[in-house]
Structure formats: structure tokens, C-alpha cells
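Colleague: Before I ask anything, let me first share the structure, which is written out below as C-alpha cells.
The values are calculated or read from the model by the stated rules, or taken from the named source; none is laboratory data. Owing to the predicted nature of the structure, the values given are computational and were not obtained by experimental measurement. FYI the Cβ positions are ideal-geometry reconstructions off the backbone, even for glycines, and counts take in every protein chain you see. When the accessible area is computed, the model is the full protein with side chains, heavy atoms only, and any ligands, DNA or RNA have been set aside. Shrake-Rupley method; radii C 1.70, N 1.55, O 1.52, S 1.80 Å.
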Amino acid sequence: MRVLSKSRFKLGLECPNKLYFTNDNTFANKKNEDSFLKALAQGGFQVEELARLHYPNGVFIDTEPKEYEKAVQLTKEVLNQENAVIYEAAFLIDGFYIRTDILEKKGNSIRLIEVKAKSFDPTDENLFIGKKGALVSGWKPYLFDLAFQKKVVQMAYPNFEVDAYLMMADKTKTASIDGLNQLFRVPLEGNPRTDIVKKISTIEEAGDSVLSEKNVDTIINAIIEGRYSYSENLNFSEAMLLFRNAYQEKKYLNWPTNFSTCKKCEFKTSPEDKEIGLLSGFEHCFGKQFNWTAKDFTTPNAMEIWNFRGGNLMEEKRLFMDDLVEDDFKINPAVDKISPSARQWIQVEKARKNDSTIYVEKEGLKAEMEKWKFPLHFIDFETSTVALPFTAGRSPYEQVAFQFSHHVYNENGTIGHQSEFISNTPGEFPNFIFARALQKALENDEGSIFRFATHENSILNAIIKQLEVSSEIDKLELIEFLKTITNSTKNSAQIWTGVRNMIDLNVIVKEYYYNPYTKGSNSIKTVLPAVLKYSSFLQHKYSQPLKLLTLSSKNFDENHIWLALLNNEVVNPYKMLPPLFEGWENIELDENISEMENISDGGAALTAYAKLQYQDMTEKERNEITSGLLKYCELDTLAMVMIYEHLKELTN
């Protein structure tokens with residue numbers, strides 16, 4: 001039986017062509033590999049479990065994923081009762097199939113409650129509908145999802161009165177107990193909805209809940225009635241029928257391509273995907289709609305251009321970089337810098353000429369670097385933000401700064417992993433301890449401080465706000481220090497720029513340097529490999545054991561080598577980080593409760609910190625995960641040092 005579920009309905013709203021690709025597991029899907037998305041999904045299952053405690057004694061419809069008729073029959077039996085609460089109630093009619101998060105029945109009235117890990121402010125009058133009367137775009141997927149559910153329930157049970165609600169994390173609430181997040185443990189394997197480990201059985205044990213309900217029935221009815229469309233060519237009723245028929249018939253809808261949507265398409269293949277026979281949905285669309293050949297897919301195209309919206313290029317069928325002209329970018333030159341529009345055109349020109357040489361505004365970069373004061377400090381933070389707070393007194397998605405790494409580059413060229421901080425104690429709110437450790441690390445000189453992108457500045461702004469309402473004895477001193485190394489954000493009540501405001505190395509790269517190997521990306525995980533691929537100086541230096549370098553490390557032994565060459569290509573240093581629990585005996589591994597294997601990206605670091613909140617973790621396992629986090633974060637700041645060394649190399 002082929003049915004249109006609510007997840008497939010939502011996918012179709014993103015792009016109807018995606019229904020064809022999700023219909024066939026031979027198509028690659030990058031979202032399945034995204035560690036950040038996996039971490040977010042775990043948070044969603046935790047919120048759902050807490051929400052169920054608001055409606056105790058519910059009947060869980062426990063069936064296998066494709067046991068549609070069995071699930072529907074079990075649901076029907078419970079609905080025959082006068083009053084009932086059902087978790088994962090199942091409804092199937094005319095090829096439409098849904099499982100509802102929570103359903104409460106009283107007589108002929110049904111409360112349909114969709115649980116989301118998303119946060120909201122209940123005092124926001126324009127939460128769902130903007131001031132101009134249109135649906136707020138960020139809420140459309142959630143509202144159309146709920147509209148789909150309500151419509152299917154109404155079709156299956158036309159005599160019931162159905163009201164639609166969202167239950168979400170409430171920004172105005174705070175947790176009243178420590179460890180709320182860890183009361184619901186999501187297993188790595190198995191079904192997270194059925195195999196989640198609950199440490200409590202009543203809502204009272206969770207203290208004051210951080211979840212609230214919002215009645216959205218009026219908006220949901222308006223969507224069902226067609227008063228709101230998801231996009232210009234996609235209203236609700238048409239979408240339901242179109243998606244169902246396409247999915248059941250395994251039909252490719254040939255929906256018109258869209259520059260921004262196609263640019264972010266997850267159905268693309270890497271060389272590794274192609275080696276194992278996976279197909280590209282992106283190539284399927286452009287092969288069908290634009291007659292692209294295999295050669296065309298290796299030809300540079302406009303969707304690869306950094307921060308480029310594309311205008312009418314789809315309609316004009318001018319998608320290859322060879323088709324573009326300077327007027328497409330409205331180039332606004334900057335003196336001794338690379339303006340955003342000029343950067344785009346540089347990328348185009350180099351791609352068209354197959355030119356792999358870097359572009360650098362040498363004089364401007366040199367003048368900028370001469371302003372920097374030694375010793376140079378390179379800082380990276382690891383942070384967490386979760387729907388269910390780790391500690392009492394904290395709100396959903398409040399920022400938690402649990403780790404930093406700090407490298408120093410001295411004027412004589414020596415490099416030291418100067419200091420680091422990590423909080424691995426369950427139930428500890430680390431932010432103020434973090435701020436004190438950061439102050440201690442940076443207060444001994446006036447050297448320039450570097451970050452990569454805006455994250456560190458945003459986190460310190462959040463800590464300033466937390467300090468302002470805290471009872472910390474030294475809060476004024478800490479706030480004063482943090483303001484010396486930051487600048488205020490857009491939503492700050494006060495405006496400031498610190499005398500040692502952190503220099504954003506990401507901005508330096510954007511304004512003075514372009515490396516074709518990045519293909520327009522400016523994330524540190526892309527810039528570092530590109531820099532290493534280009535710089536023979538860095539390749540030679542960091543392919544030597546640590547003991548031969550003028551470089552100290554707090555987490556790696558003297559024989560560690562940062563870089564390796566495989567088939568004359570530099571192996572990404574993040575892929576050389578050692579796995580967790582290397583050399584452990586099976587009997588020891590069986591006792592582990594974290595279920596982690598490695599920490600080599602930000603998503604894994606988020607997950608690792610959440611695991612460290614487990615009270616019953618053994619000291620040995622806690623130390624191993626802590627060690628993995630320290631190694632990962634140390635590499636983040638060393639990566640910044642390597643990028644700096646490359647820029648220094650270019651300007652000398």
C-alpha cells in the first residue's frame with residue numbers, strides 16, 4: 001500500500017519533485033547524513049515525550065511503520081470509547097495517512113495536538129500572521145502539516161468536531177528542576193518513539209513544564225479553505241491531491257525548478273555516493289527540464305556562486321557560468337578589498353577559466369594585518385541550545401557555553417595551545433564559569449583576539465544578558481570584560497564596540513582572499529582544506545610530528561601528525577581525529593551509555609555534551625568523551641592559526 005503521509009506532504013510542499021526521489025532509495029539524501037539534524041531530531045523526541053505527560057494514561061498505538069490497517073483498527077477501537085487519549089493515533093482514508101502526536105477525545109470533540117520542538121513567545125501578536133495579513137513564512141511548514149492532519153481526521157470521522165493545537169517550547173517559561181533534558185533518553189538504535197528511556201512517569205516529577213499549547217484552529221481552517229497558499233502555485237487542496245497521486249503512481253511531476261530551492265537540494269550525490277550506485281535527484285531534474293548531459297553537471301553553474309540569488313536565470317536558461325556577464329552582478333568595487341559582488345564575479349571568472357590560483361587583495365590584507373597586536377589569540381566556542389533545559393532556571397533554547405579552546409601565536413612564530421575550558425559536570429550551568437575562565441585566558445596582554453564567523457560574539461552577548469539578571473557577585477566586572485572583546489548585536493538595548501573587539505577571520509577571508517577550491521563557501525570546514533590544498537608551506541609544516549614543531553598541544557601526544565597525503569591529496573585534519581573508545585575491551589563498551597563513536601563536527605559535539613549530562617555515566621566514559629571534545633575544539637582553533645599562517649605567507 002502506498003500512502004501519502006504527513007512527512008511526505010511536507011516534503012512535497014518544499015518541492016513536489018522531491019516526492020519522486022523519496023519514493024526510491026536509490027537516490028542520495030544528504031539530510032540523512034547531517035549530524036546537526038540528527039541532534040535536533042533527538043530534541044524533538046524528548047519534547048514529544050514530555051508533552052505526553054501532560055496527557056497521562058494515553059493509549060500508544062504501537063505498530064510497525066507500514067502496518068497501516070492494523071494501526072487504524074487499533075485507533076478505531078480506542079475512539080469507540082466515550083473519552084480517550086491516544087498517542088500516535090492512525091488515520092487512513094483515500095490514500096492519505098497520518099499519525100497524530102496526541103489526540104484527546106471527549107464525546108464527539110477531538111483535540112488534535114501537534115507537538116513541536118520549536119520555541120515560541122505566546123505574547124507575540126504576530127506570531128503566525130504578519131502585520132500585512134500573510135502567514136509568517138517560517139511557520140508555514142508547521143501549519144500546513146497540522147492542516148493536513150486535521151483534514152484527514154475530518155475525512156475519516158466527519159461526525160467529530162476537531163480543534164487543532166500546537167504544543168511547543170515556551171520562551172517565557174523556565175525549568176524548575178535540574179536535568180529535565182536527561183529525563184528522556186533517546187537511543188541511537190531502535191525506534192525513538194517506542195524505545196526512549198523515561199526516568200519519570202508523571203508531569204509533576206518534571207516540575208514546571210516548559211511547554212505550552214496554542215490554539216491555531218482558526219488559521220488551520222483558513223488554510224484548509226484555501227485562504228492561504230503555501231506558495232504562488234500551491235494551495236492546500238490541490239497539493240493534497242497532486243502529491244497523493246504522484247506518490248502512489250511513482251510519478252515525477254516535473255515541477256518547475258527554482259534557483260534558491262534547487263541550490264539547497266539535498267538530493268545530490270558526492271563522488272562516494274556515486275561509487276556505491278546512488279543517484280542524484282538534482283541531476284534528474286536538470287536532465288529532464290534543461291536536457292543537461294553528464295558533461296553539463298561537471299560544468300560550473302550559477303547555483304555554485306556564493307550568496308547569489310540568480311534573478312531570472314532559470315527562466316532565461318542562463319545557468320552556466322559561461323552564460324553570465326558582469327551586469328548580472330552589479331559590481332560595486334571596494335578599495336583594497338573584495339566587495340561581495342566582486343567576489344562573486346571573481347568566482348565566475350576563475351571557474352570559467354579553470355583557474356585554481358588564489359585571488360588576494362595583497363596590499364589591503366597587509367595593511368589590515370599590520371594593525372593586529374601580538375600575541376594573537378584564536379578562540380573557538382562549543383555551545384548547546386536545547387528545547388528542554390539542562391538546569392533549573394533556564395528557558396527553552398537558552399544558550400549554554402560549555403567549552404572553549406584558545407591558541408596563541410607569538411611574534412617570534414611560536415604557537416601555543418594556551419588554555420581551554422570544558423564543563424562536563426551534570427547539572428552545572430557553565431556560562432558564568434566559562435566567562436571567568438575566558439577572562440583569565442585573555443586578560444594578561446592586549447593582543448588581538450580572533451573568532452571565525454559571528455557565533456562567538458553572539459554567545460558572549462547572550463551571556464551578558466544572563467549576567468545582567470543574575471545574582472553573581474562579580475557580574476559587573478564580567479560584563480565589563482565581555483564588552484571589551486565584543487560588539488553589540490542588533491537586538492541589544494545598549495550599543496558598544498569593545499576596545500579589543502574580536503576580529504572575525506571569516507570576514508577577513510571574505511574581504512581579502514578567494515580560493516577556488518572553496519567553490520564559494522566560506523565556512524571554516526571548507527576554507528581550511530582549501531588552504532591546505534594550496535599551501536605547500538602548511539603541507540610541509542603540519543605533516544611533521546608535533547614534537548618537531550614550535551607548537552604546544554594540551555590534548556595530542558608528541559607523535560601526532562596533523563596532516564596526511566592520500567593519492568597526493570591532503571586528508572582533511574578533522575577526518576584524522578581519533579575515534580572514541582579506541583582500544584577498549586568489548587566488556588567495557590557494553591557498559592557505555594553514550595552510544596557515541598566519534599566527535600568530528602559540531603553536531604556530534606552537541607550530542608556529546610548532552611550525553612555528559614547523564615548522572616549515571618562512569619567516570620572512565622565521561623573522561624573519554626571529554627577527551628574527544630577537547631581534541632575536536634583544539635583542532636578548531638589550530639585551523640584558525642593555519643589560515644592565519646597562510647595569509648601571513650601571502651603578504652610576506
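Colleague: For segment 239-261, which positions are in a loop (DSSP other than H, G, I, E, B) and charged (D, E, K, R)? I'd like the intermediate steps shown before the answer.
Modeller: Here is the first cut: in segment 239-261, the ones in a loop (DSSP other than H, G, I, E, B) are 249-258.
Listed by number, the residues that qualify are 249, 250, 251.
Colleague: Take the residues of segment 1-26 that are open to solvent by 20 Å² or more (accessible area, probe 1.4 Å) and in contact with a Gly (Cβ under 8 Å, 6 or more places away or on another chain): which is farthest from residue 254 (Cα to Cα)?
Modeller: It comes out as 2.
Colleague: Can you pull out every residue in segment 152-181 that is aliphatic (A, V, I, L, M), within 22 Å of residue 122 (Cβ to Cβ) and in a strand (DSSP E or B)?
Modeller: Of everything in segment 152-181, those that are aliphatic (A, V, I, L, M), within 22 Å of residue 122 (Cβ to Cβ) and in a strand (DSSP E or B) turn out to be 164, 166, 167, 168, 169.
Colleague: Identify, please: which residue in segment 211-231 is within 28 Å of the chain's Cα centre (by Cα) and part of a loop (DSSP other than H, G, I, E, B) and is, among those, surrounded by the fewest Cβ atoms within 10 Å (Cβ to Cβ)?
Modeller: Selected residue: 229.
Colleague: Let me ask something else. How many residues are in contact (Cβ under 8 Å) with a residue 12 or more places away in the chain and either within 18 Å of residue 506 (Cα to Cα) or open to solvent by 50 Å² or more (accessible area, probe 1.4 Å) (or both) if we restrict to segment 324-333? Show your work before the answer.
Modeller: Start the filter on segment 324-333 by keeping residues that are in contact (Cβ under 8 Å) with a residue 12 or more places away in the chain, which leaves 324, 326, 328-329, 331.
Now drop any that are not either within 18 Å of residue 506 (Cα to Cα) or open to solvent by 50 Å² or more (accessible area, probe 1.4 Å) (or both), which leaves 326, 331.
Final tally of qualifying residues: 2.
Colleague: Give the residue, chosen from 58, 107, 44, that is touching a strand residue (DSSP E or B) at 6+ places or on another chain (Cβ under 8 Å) and on the phi > 0 side of the Ramachandran plot.
Modeller: Every option except 107 fails the conditions.
Colleague: Which residue pairs have Cβ atoms closer than 6 Å, lie 6 or more positions apart in sequence or on different chains, and pair a first residue in segment 101-116 that is touching a residue at least 24 places away in the same chain (Cβ under 8 Å) with a second residue that is open to solvent by 30 Å² or more (accessible area, probe 1.4 Å) and among the basic types (Lys, Arg)?
Modeller: Every condition considered, the pairs that remain are 104/111.
Colleague: Residues that are within 28 Å of the chain's Cα centre (by Cα), under 30 Å from residue 512 (Cα atoms) and at pLDDT 95 or above: list the helices (runs of 4 or more DSSP H) wholly contained in segment 262-368 that include at least 3 such residues.
Modeller: Qualifying helices (runs of 4 or more DSSP H): 340-352.
Colleague: Name the pairs whose Cβ atoms lie under 7 Å apart, with the first residue in segment 563-579 and at negative phi and open to solvent by 40 Å² or more (accessible area, probe 1.4 Å), the second outside any helix (DSSP H, G or I) and charged (D, E, K, R), and 6 or more positions between them or separate chains?
Modeller: 579/597
Colleague: Kindly evaluate residue 486 against the criterion of being farther than 26 Å from residue 170 by Cβ and in contact with a Leu (Cβ under 9 Å, 6 or more places away or on another chain).
Modeller: On the way: farther than 26 Å from residue 170 by Cβ: yes; in contact with a Leu (Cβ under 9 Å, 6 or more places away or on another chain): yes.
Here the answer is yes, as residue 486 does meet what is asked.
Colleague: Quick one: count up the residues across segment 170-198 that are open to solvent by 60 Å² or more (accessible area, probe 1.4 Å) and under 16 Å from residue 43 (Cα atoms).
Modeller: Final tally of qualifying residues: 8.
Colleague: On to the next question. Please specify each residue of segment 283-301 satisfying the condition of being in contact (Cβ under 8 Å) with a residue 40 or more places away in the chain and under 17 Å from residue 324 (Cα atoms). Give the derivation first.
Modeller: If we filter segment 283-301 for residues that are in contact (Cβ under 8 Å) with a residue 40 or more places away in the chain, which is where we start, we get 284-285, 300.
Listed by number, the list holds a single entry, 300.
Colleague: Is it true that residue 142 is without any contact (Cβ under 8 Å) to a residue 40 or more places away in the chain, surrounded by fewer than 19 Cβ atoms within 10 Å (Cβ to Cβ) and among the hydroxyl-bearing types (Ser, Thr, Tyr)?
Modeller: Numbers: without any contact (Cβ under 8 Å) to a residue 40 or more places away in the chain: yes; surrounded by fewer than 19 Cβ atoms within 10 Å (Cβ to Cβ): yes; among the hydroxyl-bearing types (Ser, Thr, Tyr): yes.
Yes, satisfied.
Colleague: Which members of segment 626-652 meet the condition of being closer than 15 Å to residue 406 by Cα and basic (Lys, Arg)?
Modeller: Of everything in segment 626-652, just one residue is closer than 15 Å to residue 406 by Cα and basic (Lys, Arg), namely 631.
Colleague: Next question. Across segment 57-70, what is the number of residues that are modelled with pLDDT of 95 or more and out of contact with any Phe, Trp or Tyr (no Cβ under 9 Å at 6 or more places or on another chain)?
Modeller: 2
Colleague: Taking segment 401-421 only, how many residues are touching a Gly at 6+ places or on another chain (Cβ under 8 Å) and open to solvent by 30 Å² or more (accessible area, probe 1.4 Å)?
Modeller: Taking segment 401-421 and keeping what is touching a Gly at 6+ places or on another chain (Cβ under 8 Å), we get 407-408, 410.
After this cut, where a residue has to be open to solvent by 30 Å² or more (accessible area, probe 1.4 Å) as well, the list is 410.
Final tally of qualifying residues: 1.
Colleague: Another one. Condition first: touching a Phe, Trp or Tyr at 6+ places or on another chain (Cβ under 8 Å) and under 21 Å from residue 582 (Cβ atoms). Can you find one or more residues in segment 622-629 that meet it?
Modeller: The answer is yes, given that some residue of segment 622-629 is touching a Phe, Trp or Tyr at 6+ places or on another chain (Cβ under 8 Å) and under 21 Å from residue 582 (Cβ atoms).
Colleague: May I ask you to say which residue of 460, 478 is out of contact with any Ser or Thr (no Cβ under 6 Å at 6 or more places or on another chain) and of a type outside the set (Asp, Glu)?
Modeller: Working: 460 fails: out of contact with any Ser or Thr (no Cβ under 6 Å at 6 or more places or on another chain).
One residue alone meets the criteria, 478.
Colleague: Right, next: Which of the numbered conditions does residue 386 fail, given that it passes all the others? Conditions: (1) farther than 27 Å from residue 486 by Cα; (2) out of contact with any strand residue (DSSP E or B) (no Cβ under 7 Å at 6 or more places or on another chain).
Modeller: (1)
Colleague: Follow-up. Which residues, counting only those in segment 591-621, are of a type in the set (Gly, Ala, Ser), within 21 Å of residue 179 (Cα to Cα) and open to solvent by less than 20 Å² (accessible area, probe 1.4 Å)?
Modeller: First pass over segment 591-621, keeping only residues of a type in the set (Gly, Ala, Ser): 594, 600, 602-605, 608, 610.
Going one step further and asking which of them are within 21 Å of residue 179 (Cα to Cα), we end up with 594, 603-605, 608, 610.
Listed by number, the residues that qualify are 594, 603, 604, 605, 608.
Colleague: Kindly establish whether residue 479 is modelled with pLDDT of 95 or more and under 19 Å from residue 420 (Cβ atoms). Let's see the steps before the verdict.
Modeller: Details: modelled with pLDDT of 95 or more: yes; under 19 Å from residue 420 (Cβ atoms): no.
Considered against the rule, which asks whether it is modelled with pLDDT of 95 or more and under 19 Å from residue 420 (Cβ atoms), residue 479 comes out as no.
Colleague: Does any residue in segment 268-282 that is in contact (Cβ under 8 Å) with a residue 24 or more places away in the chain and among the basic types (Lys, Arg) come within less than 8 Å, Cβ to Cβ, of a residue that is assigned to a loop (DSSP other than H, G, I, E, B) and open to solvent by less than 50 Å² (accessible area, probe 1.4 Å) six or more places away or on a different chain, and which pairs are these?
Modeller: Pairs that qualify, where the first residue is in contact (Cβ under 8 Å) with a residue 24 or more places away in the chain and among the basic types (Lys, Arg) and the partner is assigned to a loop (DSSP other than H, G, I, E, B) and open to solvent by less than 50 Å² (accessible area, probe 1.4 Å), are 268/28; 268/280.
Colleague: Every residue in segment 286-320 that is of a type in the set (Ser, Thr, Tyr) and either under 20 Å from residue 349 (Cα atoms) or surrounded by 15 or more Cβ atoms within 10 Å (Cβ to Cβ) (or both), please. Step through it out loud before you land on a result.
Modeller: Of segment 286-320, the ones of a type in the set (Ser, Thr, Tyr) are 293, 298-299.
Matches in segment 286-320: 298, 299.
Colleague: Then there's this: Among the listed residues 147, 134, which satisfies the condition of being hydrophobic (A, V, I, L, M, F, W, C) and at pLDDT 95 or above? Break it down into steps so the answer makes sense when it comes.
Modeller: Values: 134 fails: at pLDDT 95 or above.
Of the residues listed, the single one that is hydrophobic (A, V, I, L, M, F, W, C) and at pLDDT 95 or above is 147.
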